[in-house]
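Everything below concerns the one structure shown next.
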Amino acid sequence: MLRAMSEVNVKAGIECILKRIEEAYARRPAEHVKMAKPLLVAVSKTKPVEMIIESYTAGQRHFGENYVQELVEKAQHPDILQHCPEIKWHFIGHLQNNKINKILKLPNLYMIQTVDSEKLATGLDSAWGKIHGDNKTPLSVLVQVNTSGEEAKNGVQPSETPALFKYIHNNLKNLKLEGLMTIGAFGFDYTSGPNPDFISLMNVHRLIFEENALEPHAVQVSMGMSDDFEKAIEAGSTIVRVGSAIFGFRPKKTA
Ligand SMILES: *Cc1c(COP(=O)(O)O)cnc(C)c1O
């Protein structure tokens, strides 16, 4: 089993993606130069702990998971705790209020990328306060935006995003609101022009940094996955979430 898994060369995969990130960043048009160089979040969902350790050994620090139970198991796994002391976990899946405590108690939790309601934000804020008291550094979060308008997708509508952003930014002191995230429609055909999800998120980004008198680079933008992270970077992305291009094909989860 383990032999078969390690046929994917994770180290080479990470190096290749980092190089492609650099190149896409160099191609980014001048109007976006104020945005930060993108951070690679390696999406390790459904992949074994061994592969995470292999990536960590190759220098990767930021990892994304989108199933609560899987993150709970991996973040507390003895091998991860021993070999990956500085790992930074990003939760990138849908989070229900009744699962907040499970996630927030995990070691090395770095960011929740999927805040899409006042209720969830308030729940995270009060839970973080209870767990860590007032002296703890705030929990980093992103607001998830449903840029594609698909019913099945989570996220707040673009038109409602500035209000949610402002609410969190002004009221929830245990949260450090770092920016915006979108998943976007799958399989966009780039021969038909630029990706409307990326344009939509960058428009919301602009509205938000102007309205809140923030520097553009102070509002992160998480967009781009294996198939389109270079396009996303050219459009202004500062966080890309790449899974299968590093870890190999991922069978669809049925449960
Ligand atoms: C699975 C997942 C990714 C990574 O997808 P790949 O196509 O394998 O790169 C990125 N973001 C989210 C929210 C995901 O669930």
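Which whole-number percent is the relative contact order of region 204-243 (Cα, under 8 Å, 6+ apart)? Mind dumping the intermediate values first?
Working: 48 pairs, mean separation 13.7, N = 40.
Relative CO of region 204-243 lands at 34 percent.
Cut-off 10 angstrom, C-alpha nodes, Gaussian network model of the chain. Which of LEU81, LEU139, LEU95 fluctuates the most?
Answer for the Gaussian network model of the chain: LEU81.
Count neighbours as other Cβ atoms within 10 Å of each site's Cβ, and list the trypsin sites (Lys or Arg not before Pro) in region 148-243 that are DSSP loop with at most 14 such neighbours. Intermediate results must be reported in sequence, preceding the final value.
On the way: sites: LYS153, LYS166, LYS173, LYS176, ARG206, LYS231, ARG241; in loops: LYS153, LYS173.
Loop-located and lightly packed - LYS173.
Using DSSP to call loops (not H, G, I, E or B), can you name the GluC sites (Glu not before Pro) in region 195-247 whose Cβ has at most 13 other Cβ atoms within 10 angstrom?
Values: sites: GLU210, GLU211, GLU230, GLU234; in loops: none.
For GluC sites (Glu not before Pro) across region 195-247 that sit outside H, G, I, E and B with at most 13 neighbouring Cβ atoms in 10 Å, the list is empty.
Stick to Cα atoms and the Kirkwood definition of Rh, then tell me Rg/Rh for region 73-207.
That ratio is 1.01, to two decimals.
If you take the Cα Rg of the chain and divide it by 2.2 N^0.38 Å, with N the number of residues, what do you get?
Details: Rg = 17.7 Å, N = 255, 2.2 N^0.38 = 18.1 Å.
Here the answer is 0.98, to two decimals.
Across region 92-97, in residue order, what do the Karplus-derived ³J(HN,Hα) couplings come to in whole Hz, using 6.51 cos²θ - 1.76 cosθ + 1.60 with θ = phi - 60° and x for Gly and Pro?
Taking θ as phi minus 60°, the curve returns 10, x, 6, 10, 9, 4 Hz for region 92-97.
Can you find, among ASN212, ALA232, GLY248, the residue farthest towards the positive end of the dipole of region 188-255? Put +1 on the C-beta of Lys and Arg, -1 on that of Asp and Glu.
GLY248
Taking a 23 Å limit on the Cα-Cα distance, which of the listed pairs LYS105/LYS176; LYS88/LYS119; LYS34/LYS153; LYS99/LYS119 fall beyond it? Could the numbers behind the result be given before it?
On the way: LYS105/LYS176 17 Å; LYS88/LYS119 25 Å; LYS34/LYS153 30 Å; LYS99/LYS119 13 Å.
Among LYS105/LYS176; LYS88/LYS119; LYS34/LYS153; LYS99/LYS119, the Cα-Cα distance tops 23 Å for LYS88/LYS119; LYS34/LYS153.
Give me a comma-separated list of calculated 3J(HN,Hα) values for region 220-230, in order, Karplus coefficients 6.51, -1.76, 1.60 applied at θ = phi - 60°, integers in Hz, x for any Gly or Pro.
For region 220-230, the Karplus curve yields 6, 10, 9, 8, x, 10, 3, 7, 9, 5, 5 Hz.
How about region 57-91: which GluC sites (Glu not before Pro) there lie in a loop by DSSP and see at most 16 other Cβ atoms within 10 Å? Display every interim value, and only then the final one.
Working: sites: GLU65, GLU70, GLU73, GLU86; in loops: GLU86.
Sites meeting the loop and neighbour criteria: GLU86.
Taking a quarter of the surface of the Cα convex hull of region 24-72, what do you get in nm²? Let's see the in-between values first.
Values: hull surface 19.1 nm².
Over all viewing directions, region 24-72 projects a mean Cα-hull area of 4.8 nm².
Counting Lys +1, Arg +1, Asp -1, Glu -1, what net charge surrounds MET223 among other residues with beta carbon under 10 Å of its beta carbon? Write out the running numbers ahead of the final one.
On the way: positive: LYS231, ARG241; negative: ASP197, ASP228.
Counting the neighbours of MET223, the net charge comes to 0.
So for the chain, averaging the separation of alpha carbon pairs under 8 Å that are six or more residues apart and normalising by length, what relative contact order in percent results? Mind showing how you got there, number by number?
Numbers: 425 pairs, mean separation 56.6, N = 255.
The value is 22 percent.
Computed from the coordinates by the stated procedures, all read-outs in this text should not be read as laboratory data. The structure presented is a predicted model; accordingly, all values stated were derived computationally and were not measured. All Cβ positions, even for glycine, are placed from backbone atoms using ideal geometry, and neighbour counts span all protein chains on display.
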